[in-house]
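Worksheet: the structure to be examined is printed underneath.
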Amino acid sequence: MRGAFYTGEKLLEIRETPTPEPGPGQILIKVDIACVCGTDLHIVAGEYFSRPPVIIGHEFAGVVAGLGEGATAAKVGDLVTVEPHQYCRVCKFCKTGREHLCLDKRGYGTYYNGGFAEYAAVAENTVYPAPAGIGAREAALAEVLGCCIRGVDRSGMRIGDTVAVLGCSSVGMIFTKLARRAGAARIIVSEPNGERRRAALGYGADLAVDPGLLKETLDRETGGLGPDVVIECSGVPAAAGQAVALAGRGARVVLFGVAPPGETVSIEPNGIFMKELAIVGSTINPFTHYRAVEMLPSLGLGDLITHVFPLARINEAMEAARRGAGLKIAIEPNG
Ligand SMILES: [Zn+2]
Ligand SMILES: [Zn+2]
């Protein structure tokens with residue numbers, strides 16, 4: 001089979017490699033679709049953990065093509081999604097119900113071969129059959145949806161809240177949809193790209209404005225009180241500073257976007273005290289993939305994948321994601 005390997009260089013390399021044999025408890029998946037994630041861009045930039053040479057891609061769905069000894073989580077022919085993490089089960093965090101903070105987390109697409117390949121063999125505990133009526137494109141979004149569900153959980157969002165979403169790529173769109181479902185009274189999105197602003201309105205935002213207009217828009221819409229929840233999705237350090245600065249009294253600020261390691265931003269501690277802000281991180285998807293799969297039929301994320309490339313053009317796909325083309329960029333390894 002062919003797979004897109006990260007080798008430590010800035011470009012991925014398509015290599016012929018043996019089709020994996022599913023070992024005991026593993027399931028072999030013929031990959032229909034695998035989405036490009038911001039994390040993949042960080043991996044090839046050398047800014048995120050990986051173990052090259054490794055096939056990257058951790059947001060994928062496909063059809064079960066083989067079962068290793070004893071694997072029962074799905075049947076041959078089932079369309080499945082993958083929650084791409086394996087945890088050590090022996091560290092402090094695994095033993096205290098916080099496996100996503102595991103000291104020896106090993107992911108498909110970072111440590112083990114992932115989804116930018118014709119086939120992937122994964123442990124059956126990571127495999128989730130797609131609900132009836134859901135196609136591979138939506139199924140492949142379960143992973144990122146699960147991460148966003150974690151972000152909403154971390155936000156403590158309540159019915160009637162005013163929610164500001166900073167940065168509206170695919171993740172911002174998902175947060176907008178989830179905030180609407182969670183009962184937000186008002187969802188105000190900030191995003192520099194006009195096309196994405198227009199799309200955000202279709203995903204349930206009440207207003208979508210340029211970042212430069214966000215503060216005055218929030219002031220106007222909330223009578224100067226500011227938002228109850230701010231979700232920073234862009235990963236731009238300055239936006240994290242803006243998120244803290246414009247949060248309302250008692251607000252929760254979720255820093256969801258992955259900023260480059262080592263970059264810093266200044267915040268005003270007195271504002272955090274005076275407004276009693278809670279500033280929280282949100283890391284991957286602990287126990288949320290199941291809930292994500294459950295939400296797929298009613299959430300309607302079918303339009304989120306705007307560009308699909310064949311595996312041979314993976315570097316073009318990565319470049320499209322890097323320059324912010326469309327919403328979600330995906331690969332069809334067998335297309
Ligand atoms: Zn991802
Ligand atoms: Zn662990």
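Every number here is computed from the coordinates shown, using simple stated rules; none is lab data. Given the structure is predicted, the values throughout are model-derived calculations rather than measurements. Cβ coordinates were reconstructed from backbone atoms using ideal geometry, including for glycine residues, and neighbour counts include every protein chain displayed.
Show me, for the range 223-232, the HN-Hα J-couplings you get by feeding each phi into the Karplus relation (A = 6.51, B = -1.76, C = 1.60, θ = phi - 60°), rounded to Hz, glycine and proline as x.
Residue by residue, the range 223-232 yields x, x, 7, x, x, 7, 9, 10, 10, 8 Hz.
Under unit Cβ charges (Lys, Arg +1; Asp, Glu -1), what dipole magnitude, rounded to 20 debye, does the range 147-281 have relative to its Cα centre?
420
For the range 65-108, which trypsin sites (Lys or Arg not before Pro) are both in a DSSP coil and crowded by at most 15 other Cβ atoms within 10 Å?
LYS75, ARG89, LYS92, ARG98
Between 0 and 90 degrees, rounded to the nearest ten: what's the tilt of helix 289-299 against the longest Cα principal axis of the chain?
Helix 289-299 sits roughly 70 degrees off the main axis of the chain.
Please list the non-local residues whose amide H lies under 5 Å from the amide H of ILE331, H modeled 1.01 Å from N, same-chain partners needing a gap of 5 or more.
ALA34, CYS35, VAL36, PHE309
What length, rounded to one decimal in nm, is gained on full extension from THR19 through to ARG313, with 0.36 nm per residue of separation minus their alpha-carbon distance?
Length gained, THR19 through ARG313: 103.8 nm.
Can you give the calculated 222 nm mean residue ellipticity of the chain, where each DSSP H run of n ≥ 4 adds -39,500 (n - 2.57) and the sum is split over every residue, rounded to the nearest 500 deg cm²/dmol?
Here the helix-only value at 222 nm equals -8000 deg cm²/dmol.
From the phi angles alone, apply the Karplus equation (6.51, -1.76, 1.60; θ = phi - 60°) to the range 48-64 and give each ³J(HN,Hα) in whole Hz, x where the residue is Gly or Pro.
With the stated coefficients, the range 48-64 comes to 9, 4, 7, 10, x, x, 8, 6, 8, x, 10, 10, 9, 9, x, 9, 5 Hz.
Among the listed pairs LYS92/LYS275; LYS177/LYS275; LYS30/LYS75, give every one whose C-alpha distance is greater than 23 Å.
LYS92/LYS275; LYS177/LYS275
Taking N as the number of residues in the range 147-281, what is its alpha-carbon radius of gyration divided by 2.2 N^0.38 Å?
0.93
Count the net charge of all other residues whose Cβ sits under 12 Å from the Cβ of VAL280, scoring Lys and Arg as +1 and Asp and Glu as -1.
+1
May I have the convex hull volume per residue, in Å³, for the Cα set of the chain?
Measuring per residue, one finds 129 Å³ for the Cα hull of the chain.
With springs only between Cα atoms under 10 Å, which of ALA247, ALA317, ALA73 fluctuates most in a Gaussian network model of the chain?
Among ALA247, ALA317, ALA73, the largest GNM mean-square fluctuation belongs to ALA73.
Counting Lys and Arg as +1 and Asp and Glu as -1, each charge on the Cβ, what is the dipole of the chain about the Cα centre in debye, to the nearest 20?
I would put it at about 560 debye.
Please give the residues of the range 125-161, grouped as numeric ranges, whose backbone N is less than 16 Å from a label point set 7 Å along the Cα-to-Cβ vector of VAL76.
Counting only backbone N, you get no residues.
With the alpha-carbon atoms as the only input, what is the per residue convex hull volume for the range 119-190 in Å³?
Spread over its residues, the Cα hull of the range 119-190 gives 120 Å³ apiece.
Compute the relative contact order of the chain as a whole-number percentage, counting only Cα pairs closer than 8 Å that sit 6 or more residues apart in sequence.
It comes to 19 percent, rounded to a whole number.
Need the C-alpha centroid separation for the range 289-321 versus the range 117-191, integer Å.
About 12 Å separates the Cα centre of the range 289-321 from the one of the range 117-191.
Angle, helix 170-182 long axis vs. longest principal axis of the chain, Cα atoms, 0 to 90°, nearest 10?
Here the helix axis deviates by roughly 70 degrees.
When each pair of different Cα atoms in the range 157-228 is counted once in the 1/r mean, what is the Kirkwood radius in angstroms, to one decimal?
Over the range 157-228, the inverse of the mean reciprocal pair distance is 11.7 Å.
Could you work out the mean projected area of the convex hull around the alpha carbons of the range 1-89, in square nanometres to one decimal?
Mean projected area of the Cα convex hull: 6.4 nm².
From the square roots a ≥ b ≥ c of the eigenvalues of the alpha-carbon gyration tensor of the range 278-319, which class results: rounded (a/c under 1.5), prolate (a/b over b/c), or oblate?
Oblate is the answer for the range 278-319, as a/c is 1.5 or above yet b/c matches or exceeds a/b.
Based on the mean of other beta carbon atoms within 10 Å per residue, what is the order of 226-235, 147-156, most packed first?
Sorting 226-235, 147-156 by mean packing, highest first, produces 226-235, 147-156.
What trypsin sites (Lys or Arg not before Pro) in the range 203-257 are in a loop by DSSP, with at most 14 other Cβ atoms within 10 Å of the Cβ?
When the trypsin sites (Lys or Arg not before Pro) of the range 203-257 are filtered for loop state and at most 14 Cβ neighbours within 10 Å, ARG249 remain.
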